[in-house]
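Enquirer: Let me give you the structure first, and then I'll get to my questions.
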Amino acid sequence: MRWITFFCILFCISLFQSTMMNWINIGIAVPDFYFPLVVFYSFFIDVKRNVITSWFTGLSKDLFSEGALGINSVFFIAVGFFIWSIRGMLFRGHLVTKILVTFFFSIVYNLFYALHTVITYRSLNISSTIWMIFICSLYTAAVAPFLFYIFDKLQPTKNLFFMEK
Amino acid sequence: MWQEQEAKTELENEAFELRNKIIELQDINYKLQEKLSSVSEFQKEQKISKSKIIPADIIGYDTSIFRRSITINVGTKDGVTDNNIVVTDNALVGLIAAAGQRTSLVQLVTDPASRIPGKILQTRDQVIVEGNASPYCQLKYVPRWTKIKTGDSIVSSDIGSFYLSSLPIATVIENETKGGALFQSVKVLPMVNITKIENVLVIKE
């Protein structure tokens, strides 16, 4: 696994996500470019490296976001670990698997994050939050194939398969 | 003849008294003008020394879908400190949540952690403007008997000494009184659309 490539991808995602948000959103739907990166590495690398990449991805998101430092790291590690543990049951090379896994786990991650926000600030509106989670996850899943293609080009997955165990 | 002399003396006395009165009033006038000029100079000085306005560019947005904040290109080196107010187009944008050396994080009015003391301009009722991670905010503690209508303006209140008084925050777009509820449920649209601005002003108190 090329760590420099990983950090370059992470840097580019952080830059894009924190500056171009208002150009890529559709109404309140905003894609999360960090999430497909977590899914990508959970699909193809061993658990130790998966935890490290998820931690760095979450930390990077935390640095560009207001709120408790480390909360995204914890959620990304949990999501990454769970995807890693069930990946044996999935046909990882298929496009539909990538989209569905990104969509489903994005919903789960956002629900947990919303729960954390509700407990901390008590100011989210349930119906609008659920709608926002759904369309943001849908948008993230829609851009996932494109991101997977880029990640695949930069970090060839066939070189990662030896790290599966 | 004697009566005429008496009337003349009386008129002369009256004229003398009036002349004295004029001098006295001129003196009072002069003193008051002096006082007025010193007060306005004091006010001017106070305004200059108390508030400093720092222009800033927006250089980043929040990466989380549940938080609403922006990053601006001024920090403690430019004189920005935590809790400074951020405005644009004479409307409230938010509050400096964390000031770094060269950049600062601004918590927007739509952030779920944002609570701003405000008042309804038309009814003068005190309210709290609360963000909820959507493009809208909600008003808290609006009594059910308050006659609020669509288009009413919400301005900031200086209660708590965090915000300047009477800065426009939002406009009422929807209100509803649920049966049995103590307070109305009011949805407001912030005056500032953060997606359409590039610059802000930081007001340093």
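Enquirer: Using only the alpha-carbon atoms, how far is helix B:2-50 inclined from the longest principal axis of chain B? Give it as 0 to 90 degrees, nearest 10.
Expert: Approximately 20 degrees, to the nearest ten.
Enquirer: Per residue and in cubic angstrom, what volume does the convex hull of the Cα atoms of the range B:115-190 have?
Expert: That works out to 83 Å³ per residue.
Enquirer: Continuing with the same structure: Helix A:47-63 sits at what angle to the longest principal axis of chain A, using alpha carbons and giving 0 to 90 degrees rounded to 10?
Expert: With rounding to tens, the tilt is 30 degrees.
Enquirer: Of the options B:70, A:67, A:147, report the single residue whose Cα projects farthest towards the positive end of the charge dipole of the protein assembly as shown (beta-carbon charges: Lys, Arg +1; Asp, Glu -1).
Expert: So the residue furthest toward the plus end is A:147.
Enquirer: Taking loop as defined by DSSP and a crowding limit of 11 other beta carbons within 10 Å, which chymotrypsin sites (Phe, Trp or Tyr not before Pro) in the range A:49-137 fit?
Expert: Those satisfying the criteria are A:91.
Enquirer: While we're here: Rounded to the nearest 500, what is chain B's calculated 222 nm mean residue ellipticity when only DSSP H runs of at least 4 contribute -39500 (n - 2.57) each, over all residues?
Expert: -9000 deg cm²/dmol, from helical runs alone.
Enquirer: Counting other Cβ atoms within 10 Å of each Cβ, which trypsin sites (Lys or Arg not before Pro) in the range B:121-194 have at most 15 and sit in a DSSP loop?
Expert: Filter output for the range B:121-194: B:124, B:144, B:147, B:149, B:178.
Enquirer: Can you give the accessible area of residue B:152 in Å² (nearest 10), computed on protein heavy atoms with a 1.4 Å probe?
Expert: Result for residue B:152: roughly 0 Å² accessible.
Enquirer: Sorted from largest down, give the three principal axis spans of the alpha carbons of chain B, whole angstrom values.
Expert: 103, 52, 26
Enquirer: Another question, if that's okay. Ignoring ligands, DNA and RNA, what percent of the 1.4 Å accessible area of the range A:4-82 is carbon and sulfur?
Expert: Its accessible area is 81 percent carbon and sulfur atoms.
Enquirer: So, one more: As an exercise, identify the trypsin sites (Lys or Arg not before Pro) in the range A:66-105 lying in DSSP coil whose Cβ has no more than 15 other Cβ atoms within 10 Å.
Expert: Of the trypsin sites (Lys or Arg not before Pro), not one in the loops of the range A:66-105 has a Cβ with at most 15 other Cβ atoms within 10 Å.
Enquirer: Quick one: among B:27, B:125, B:62, which has the greatest mean-square fluctuation in a GNM of chain B with alpha-carbon springs under 10 angstrom?
Expert: Of B:27, B:125, B:62, the most mobile in the Gaussian network model is B:27.
Enquirer: Counting Lys +1, Arg +1, Asp -1, Glu -1, what net charge surrounds residue B:21 among other residues with beta carbon under 13 Å of its beta carbon?
Expert: Residues near residue B:21 contribute -3 overall.
Enquirer: Hey, another quick one. Highest mean first, how do B:9-17, B:167-175 rank when packing is the count of other Cβ atoms within 10 Å averaged over residues?
Expert: Descending mean neighbour count gives B:167-175, B:9-17.
Enquirer: What fraction, in whole percent, of alpha-carbon pairs in the protein assembly as shown exceed 31 Å separation?
Expert: 50 percent
Enquirer: Another question, then. How charged is the neighbourhood of residue A:14? Take every other residue with its Cβ under 14 Å from the Cβ of residue A:14, and add Lys/Arg as +1 and Asp/Glu as -1.
Expert: Charge balance in the 14 Å sphere: -2.
Enquirer: Then there is this: Give me the tail of P(r) for chain A as a percent: Cα-Cα pairs with distance above 22 Å.
Expert: Pairs farther apart than 22 Å: 39 percent.
Enquirer: Further question on the same structure: What is the sum of charges around residue B:57, taking Lys and Arg as +1, Asp and Glu as -1, for the other residues whose C-beta is under 13 Å from the C-beta of residue B:57?
Expert: -1
Enquirer: For chain A, take the longest principal axis of its alpha carbons; what is the angle in degrees between that and the long axis of helix A:126-154, to the nearest 10 within 0 to 90?
Expert: The answer is roughly 20 degrees.
Enquirer: Kindly sort A:44, A:146 by accessible area of their heavy atoms, largest first, with the probe set to 1.4 Å.
Expert: Output order, biggest surface exposure first: A:146, A:44.
Enquirer: Oh, and also: About its Cα centre, what dipole magnitude does chain A give when the only charges are +1 on Lys and Arg Cβ and -1 on Asp and Glu Cβ, stated in debye to the nearest 20?
Expert: 400 debye
Enquirer: Using a Gaussian network for chain B with springs between C-alpha atoms less than 10 Å apart, which of these wobbles most: B:153, B:69, B:37?
Expert: Judging by the Gaussian network model, the answer is B:37.
The values are calculated or read from the model by the stated rules, or taken from the named source; none is laboratory data. Here the structure is a predicted model, which is why all the values come from computation and not from measurement. Neighbour counts run over all protein chains shown; Cβ positions are idealised from the backbone, glycine included. Protein only, heavy atoms only, side chains kept; ligands, DNA and RNA dropped before computing areas. Shrake-Rupley method; radii C 1.70, N 1.55, O 1.52, S 1.80 Å.
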